[in-house]
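For reference, the structure is listed below as structure tokens.
The values are calculated or read from the model by the stated rules, or taken from the named source; none is laboratory data. Remember, predicted model here, so these are calculated numbers, not experimental data. Virtual Cβ from ideal backbone geometry, glycine too; neighbours counted across all protein chains shown. Each accessible area value is taken on the protein alone, full model and side chains, heavy atoms only, with ligands, DNA and RNA left out. Shrake-Rupley method; radii C 1.70, N 1.55, O 1.52, S 1.80 Å.
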Amino acid sequence: MSDIQEKDGGACDGCALVDRRHFFRDAGLIAAGALIALGATPSGASAAPLELIAALGGGREDKSYAIPAKDGTQIDKDNGVIVTRWQGKVYLFSLACPHQNTAIRWYDKDNQFECPKHHSRYLADGVYVKDSGRATRGLDRFAVRKDGNNVVANLDKLYQEDEEEAAWKTAFVTL
Ligand code: FES
């Protein structure tokens, strides 16, 4: 289905984890780089024209976003949040790959996310594509609630599929 190919990403031994603040700064730069480097992807697939967005408001940990008008993915790089509308649901993912925190990318052509570091792939709803890359779980999902025409992410509640499976499975809003 996909022409995204697994490539040797090298050993992970030297892959240092970064703290949250630096990750989001770096992730933002990487995400911006992905936009600039359209077509310069490992697979040759065009990166999606990701729409950069900013939170509409909210407190320090609650960030509000307009519900996207159609299926697709938007990114708030300042807060490291991906807003994805997909098949009647809205998900708010962490921009960080669950393996080693690399900023993931969205490929419109395949309707999938891919990590540029070890090429783990994720479906639009964040489900991990088995045996791709080195990840072992789906994209981490923020707790989310609907507020009128907006969705609100709780940045203090990030669910990992392997640790809080029940909460992870229900971390979306239905339109
Ligand atoms: S950082 Fe290793 S698969 Fe994403």
Want the number for Q160 to D78: 0.36 nm per residue separation, take away the alpha-carbon distance, what's left? 27.4 nm
Residue separation times 0.36 nm, minus the C-alpha to C-alpha distance between V127 and A66: what's the value? 19.6 nm
Roughly how many Å² is the accessible area per residue of the range 104-175, as a whole number, for a 1.4 Å probe? 47 Å²
Determine the alpha carbon to alpha carbon distance for each of K77/K146; K63/K109; K70/K117; K109/K157; K117/K146; K77/K169 and list only those over 27 Å. K63/K109; K70/K117; K109/K157; K117/K146
Within the range 88-131, which trypsin sites (Lys or Arg not before Pro) sit in a loop by DSSP and count at most 15 neighbouring Cβ atoms inside 10 Å? K109, K130
Show me the GluC sites (Glu not before Pro) within the range 104-175 that DSSP assigns to loop and that have at most 13 other Cβ atoms within 10 Å of their Cβ. E163
Return, ordered by residue number, the residues of the range 65-107 whose backbone nitrogen is under 19 Å from a label point located 7 Å along Cα→Cβ of T136. 96-102
